[in-house]
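K.L.:
Just passing along the structure, written as structure tokens.
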Amino acid sequence: LFKDQQKPATASVIVNLQPGRRMSETQIQGIVYLVSGSIEGLDTDHVTVIDQNGKILTGTGNKGLLGTLSPDMLEFQVQVEKSMEERAQALLDKALGSKKAMVRITASLDFAQFEKTEEIFDPEEPVIRSEQINEEKSGSEIVGGVPGVQSNLQGNTNSAASATPPSSRAQKTTNYEISKVVSKTVNPVGTIKKISVSVLVADKIIPATKKEPEKTLPRTEAELASLKKMISSALGLDKTRGDKIEVTSMPFIETVNIAEPESMTRNMLYQYMPIIRYGVFLIGGLLIYFLMIRPLIKTVREDVTQHYKTVQELEKEQSEAVQAEEKKELEALMRDPVLRIREAIQTNPVFAAHILKNWIHEKG
């Protein structure tokens, strides 16, 4: 009932790539087929893969751009173009200097695979295949009469009748075979059909003088023609194949890439991340040891040392403390007699009462 309203399943995958990293087409297709195989009814055309910057790596829109080429074919084409660009760029850097030229190459490759069989006949050099000769003879000679004069005379009716005259026929039949060459050709996959080369060359820089500032001049036609010839020979360009090359002289504008230092910093950070991680762990461990563990060990050692004092040392310390206390009390009593009497009464009240009685009887 609701089959017409059912929508096809779709899936989106976000890939977080490290700076400077790039996924190959094979890896992207692997992700697409993995997701498609894990969800029932999900077609590979409905799986979209993007990176963290929102760039579409694959999806339904790529098929129109890629055509019928497989990821391996595209990767091979990119490798061919990159190899040719590196060869041309190396020549330009040697001739003009670093960063004085830029080359881009587009190669059209033939990935069709077929076999071709040819039979070539040469009518000018025939070969006899068979030959047949037939000969036929017919008729006989005239037979004479009875030997003698009478039988051979004219008008003699008794002479024998004349026989048919002899005849012969010869027939020769020759069959010729035209010579032929049979060749079988297998077309290699990935042959170059056409190459388009675009070269951008920086203008000449005239250094500044006291009177004039720095300026640029376009390169001459002779220089551009020389560069064009050099690159064409290095890349093996063929005009009959339809190869094209364009060499243009223009002033280069030095652009400052603000994001480049950040990218370089990120790359260096990812490169040295293991060393930084171990360094942080080492510094953290040293701080914990010197700020926490070492003072704790020192305190425990002091407590253990005090705990293991001998009995003699403890008795000596206690005796010295008692003597010091008694000395303080004696000094205080010597300074105040009233305090001494009060201390004596508190210490021995019976003896103090007996002394008071004696004093009263003596005065009475």
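K.L.:
Quickly work out the Asp203-to-Thr347 label distance, labels modelled 7 Å from Cα along the C-beta direction, and quote it in nm with one decimal.
P.N.:
Spacing of the two 7 Å Cα→Cβ label points: 11.8 nm.
K.L.:
Still on this structure, I have one more. Using DSSP to call loops (not H, G, I, E or B), can you name the trypsin sites (Lys or Arg not before Pro) in region 209-242 whose Cβ has at most 10 other Cβ atoms within 10 angstrom?
P.N.:
Sparse-neighbourhood loop trypsin sites (Lys or Arg not before Pro): Lys210, Lys211, Lys239.
K.L.:
What is the gain in length, in nm to one decimal, between Lys244 and Glu325 on full extension, counting 0.36 nm per residue of separation less the C-alpha to C-alpha distance?
P.N.:
The span from Lys244 to Glu325 would gain 17.7 nm if fully extended.
K.L.:
Next up: Modelled label-to-label distance, Glu131 and Gln271, 7 Å Cα→beta-carbon offset: nm?
P.N.:
8.6 nm
K.L.:
Which entries of Lys204/Lys228; Lys204/Lys244; Lys100/Lys229; Lys99/Lys228; Lys94/Lys228 show an alpha-carbon separation above 21 angstrom in the structure shown?
P.N.:
The answer is Lys204/Lys244.
K.L.:
Tell me the trypsin sites (Lys or Arg not before Pro) within region 70-103 that lie in a loop according to DSSP and have at most 16 other beta-carbon atoms within 10 Å.
P.N.:
Details: sites: Lys82, Arg87, Lys94, Lys99, Lys100; in loops: Lys99, Lys100.
Those satisfying the criteria are Lys99, Lys100.
K.L.:
What is the calculated FRET efficiency for Ile192 to Thr220, with r their C-beta to C-beta distance and R₀ = 35 Å, to the nearest 0.05?
P.N.:
Values: r = 32 Å, r/R0 = 0.90.
Efficiency, rounded to the nearest 0.05: 0.65.
Laboratory data are not the source of any read-out in this text; all were calculated from the coordinates shown. From a predicted model like this one, the values you see are computed outputs, not experimental measurements. Using ideal geometry, Cβ is built from the backbone for each residue, glycine included, and neighbour counts are taken over all protein chains shown.
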